[in-house]
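Undergrad: This is the structure, below, for whatever I ask next.
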Amino acid sequence: MTREEKCKLAIERGYTYNPKIGKVYSRLGKEVTCIDGKGYNKFGIYFNNKIYGLLSHHFAWYIVYNEIVEEIDHINGIRNDNRICNLRSVTRQQNQWNRTTAKGYCWKKNRNKWKASIRVNYKSIHLGY
């Protein structure tokens, strides 16, 4: 099932979203509070004896803008802050810029040196040792 189909199914099942506070609610009005292992808010939709998982920020974006985008970035870096003012559509590369760990280097044991490289448009470019 595609993400768009999951979003449409959630709407059919009565899930709602409050863009000012960034909360998703079930059809009974209960707040969805399940956090996955990476810190994102998610919920499950039961359909045809299966449970389909959907991340709350993807559902929020679909509710407000009625579109599915490649990646959604949390501007302030807080993964469960799903207010619409905190979400933006980005590419995979732009989303990687948010990583807090240093990037672009690694230790090469066989040379006993650090290797520097960058990745541009999915292509790795070696900078040197």
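The values are calculated or read from the model by the stated rules, or taken from the named source; none is laboratory data. Since the model is a prediction, treat every value here as computed from it, not as a measurement. Cβ coordinates were reconstructed from backbone atoms using ideal geometry, including for glycine residues, and neighbour counts include every protein chain displayed. Each accessible area value is taken on the protein alone, full model and side chains, heavy atoms only, with ligands, DNA and RNA left out. Shrake-Rupley method; radii C 1.70, N 1.55, O 1.52, S 1.80 Å.
Undergrad: Ignoring the sites themselves, what is the longest stretch of the chain with no GluC sites (Glu not before Pro) in a DSSP loop and at most 16 other beta-carbon atoms within 10 Å?
TA: On the way: sites that count: E67, E70.
It works out to 1-66.
Undergrad: A further question on this structure: I'd like the accessible area for Y105, computed on protein heavy atoms only with a 1.4 Å probe and all protein chains in place. Round to 10 Å², please.
TA: So the heavy atoms of Y105 present about 130 Å² to solvent.
Undergrad: How about region 1-93: which trypsin sites (Lys or Arg not before Pro) there are in a DSSP loop, with at most 14 other Cβ atoms within 10 Å of their Cβ?
TA: Working: sites: R3, K6, K8, R13, K20, K23, R27, K30, K38, K42, K50, R79, R83, R88, R92; in loops: R13, K20, R27, K30, K38, R79, R83.
For trypsin sites (Lys or Arg not before Pro) across region 1-93 that sit outside H, G, I, E and B with at most 14 neighbouring Cβ atoms in 10 Å, the list reads R13, K20, R27, K30, K38.
Undergrad: So what's the net charge close to I35: Lys and Arg +1, Asp and Glu -1, counting the other residues with Cβ under 9 Å from its Cβ? Each step should come with its number before you reach the end.
TA: Values: positive: K38, K42, R79; negative: D36.
Its environment carries a net charge of +2.
Undergrad: Next question. Starting from the Cα of K8, draw a straight line to each of the lysines and keep only those under 18 Å, dropping any in the same chain fewer than 8 residues away.
TA: Candidates past the 8-residue exclusion: K23, K42, K50.
Undergrad: With θ taken as phi - 60° and the coefficients 6.51, -1.76 and 1.60, list the Karplus ³J(HN,Hα) couplings across region 118-128 in order, rounded to whole Hz; mark glycine and proline as x.
TA: 10, 10, 10, 6, 6, 10, 7, 10, 6, 9, x
Undergrad: Let me make sure I get this right: for the chain, a, b and c are the square roots of the gyration tensor eigenvalues over alpha carbons, sorted descending. Under 1.5 in a/c it's rounded, otherwise prolate if a/b > b/c, else oblate. Which is it?
TA: Working: a/c = 2.65, a/b = 2.43, b/c = 1.09.
In terms of gyration-tensor shape, prolate.
Undergrad: What percent does the relative contact order of region 76-129 come to when contacts are Cα pairs within less than 8 Å and at least six residues apart?
TA: Details: 38 pairs, mean separation 10.8, N = 54.
Relative contact order, region 76-129: 20 percent.
Undergrad: For G77, what charge total do you get from the other residues with a beta carbon under 15 Å from its beta carbon, if Lys and Arg give +1 and Asp and Glu give -1? The partial results should precede the final answer.
TA: Details: positive: K38, R79, R83, R88, R99; negative: E71, D73, D81.
Neighbour charge sum, excluding G77 itself: +2.
Undergrad: Quick one: check the C-alpha center-to-center distance for region 36-56 versus region 4-27, whole angstrom.
TA: Each part's Cα centre sits 12 Å from the other's.
Undergrad: Assuming R0 = 35 Å, what is the FRET efficiency of T33 and W107, from their Cβ-Cβ distance, to the nearest 0.05?
TA: 0.30
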